[in-house]
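Student: Dumping the structure here so I can ask a few things about it.
The values are calculated or read from the model by the stated rules, or taken from the named source; none is laboratory data. Not measured: the values here are computed from a predicted model. Every residue, glycine as well, gets a Cβ built from its backbone with ideal geometry; the counts of neighbours run over all protein chains shown. In case anyone asks, the SASA skips ligands and DNA or RNA and just uses the protein heavy atoms, side chains included. Shrake-Rupley method; radii C 1.70, N 1.55, O 1.52, S 1.80 Å.
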Amino acid sequence: MASQTFKNLAPEKKARITTALLKEFSTYPLKDAQVARIVKDAQIARGAFYKYFTDLNEAYDYIYHLALVDIHADLKSSSPQEILKATRAFVTASLKSPYYDLLKLHLTVNELPLAFADPSLAATRWALATLSHQTLKEALNDPKNKELYLTRLEQSFTLLDPRDN
């Protein structure tokens with residue numbers, strides 16, 4: 001994750017860097033991302049980038065984690081209804097989300113494993129998360145059929161009983 005030096009930056013500078021990271025990783029797949037564009041957009045020295053992040057992968061992990069925390073902030077519970085509501089909201093209002101392009105590139109190109117996923121999740125919780133993320137992937141790849149994918153997710157959730165943890 002980001003270094004302590006980065007965490008201690010003035011909020012304005014940290015916001016500039018975060019915005020530059022979001023722009024880079026929302027525009028280019030991780031394999032094509034460039035530190036040069038990030039430092040230019042963030043108005044920082046290249047050496048400063050490496051004081052804040054070990055490499056592009058670490059910078060990507062930082063911004064992706066930040067996006068997921070923000071995206072999941074509205075989830076009040078892990079019930080199938082809440083997850084379905086959040087998935088539907090993201091897919092149908094995705095053009096309003098600053099993370100739309102980042103998430104789309106992640107799910108369609110980068111496919112990095114979630115480093116912070118909890119392997120001790122109960123089976124139902126794991127299934128709910130897996131199905132909702134797969135639905136996002138399908139809806140982002142094929143937006144004209146997003147309602148089909150969301151309906152299928154809703155039907156799948158009715159088969160899962162959260163008491164089966």
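Student: Name the residue that is surrounded by the fewest Cβ atoms within 10 Å (Cβ to Cβ), counting only residues in the stretch 118-165 that are at pLDDT 90 or above and more than 19 Å from K104 (Cβ to Cβ).
Tutor: Q155
Student: Can I ask one more? Quickly run through the stretch 38-61 and pick out the residues that are β-branched (V, I, T) and either in contact (Cβ under 8 Å) with a residue 60 or more places away in the chain or surrounded by 15 or more Cβ atoms within 10 Å (Cβ to Cβ) (or both).
Tutor: Kept after step one, since they are β-branched (V, I, T), are these residues of the stretch 38-61: 38-39, 44, 54.
Answer for the stretch 38-61, where residues must be β-branched (V, I, T) and either in contact (Cβ under 8 Å) with a residue 60 or more places away in the chain or surrounded by 15 or more Cβ atoms within 10 Å (Cβ to Cβ) (or both): I38, V39, I44.
Student: Filter the stretch 62-113 down to the residues that are of a type in the set (S, T, N, Q) and in contact (Cβ under 8 Å) with a residue 40 or more places away in the chain, then identify the one that is farthest from L150 (Cα to Cα). First the steps, then the outcome.
Tutor: Step one: of the stretch 62-113, the residues of a type in the set (S, T, N, Q) are 77-79, 81, 87, 92, 94, 97, 108, 110.
Then drop every residue that is not in contact (Cβ under 8 Å) with a residue 40 or more places away in the chain, which leaves 78-79, 81, 87, 92, 94, 110.
Details: S78: 17, S79: 16, Q81: 12, T87: 8, T92: 10, S94: 14, N110: 23 Å.
Only one residue fits best here, namely N110.
Student: To continue, here is another question. Pull out all pairs, ordered by first then second residue, where Cβ-Cβ is under 7 Å, the residues are six or more apart or on different chains, the first lies in the stretch 122-141 and is of a type in the set (V, I, T), and the second is surrounded by fewer than 21 Cβ atoms within 10 Å (Cβ to Cβ) and in a helix (DSSP H, G or I).
Tutor: As it stands, the answer is T124/P162; T124/D164; T135/L150, since those pairs meet every condition given.
Student: Test each condition in (1) under 20 Å from L22 (Cβ atoms); (2) within 16 Å of the chain's Cα centre (by Cα) for I83 and report the one that comes out false.
Tutor: The failed condition is (1).
Student: Next up: With respect to E12, is the statement that it is in contact (Cβ under 8 Å) with a residue 12 or more places away in the chain, open to solvent by 20 Å² or more (accessible area, probe 1.4 Å), assigned to a helix (DSSP H, G or I) and farther than 22 Å from Y100 by Cβ true? Steps first, please.
Tutor: Values: in contact (Cβ under 8 Å) with a residue 12 or more places away in the chain: no; open to solvent by 20 Å² or more (accessible area, probe 1.4 Å): yes; assigned to a helix (DSSP H, G or I): yes; farther than 22 Å from Y100 by Cβ: yes.
No: the conditions fail for E12.
Student: Kindly list, by first and then second residue, each pair from a residue in the stretch 18-37 that is in contact (Cβ under 8 Å) with a residue 60 or more places away in the chain to a residue that is among the aromatic types (F, W, Y) and part of a helix (DSSP H, G or I), limited to pairs with Cβ atoms under 7 Å and residues at least 6 apart or on different chains.
Tutor: Pairs that qualify, where the first residue is in contact (Cβ under 8 Å) with a residue 60 or more places away in the chain and the partner is among the aromatic types (F, W, Y) and part of a helix (DSSP H, G or I), are F25/Y60; L30/Y60.
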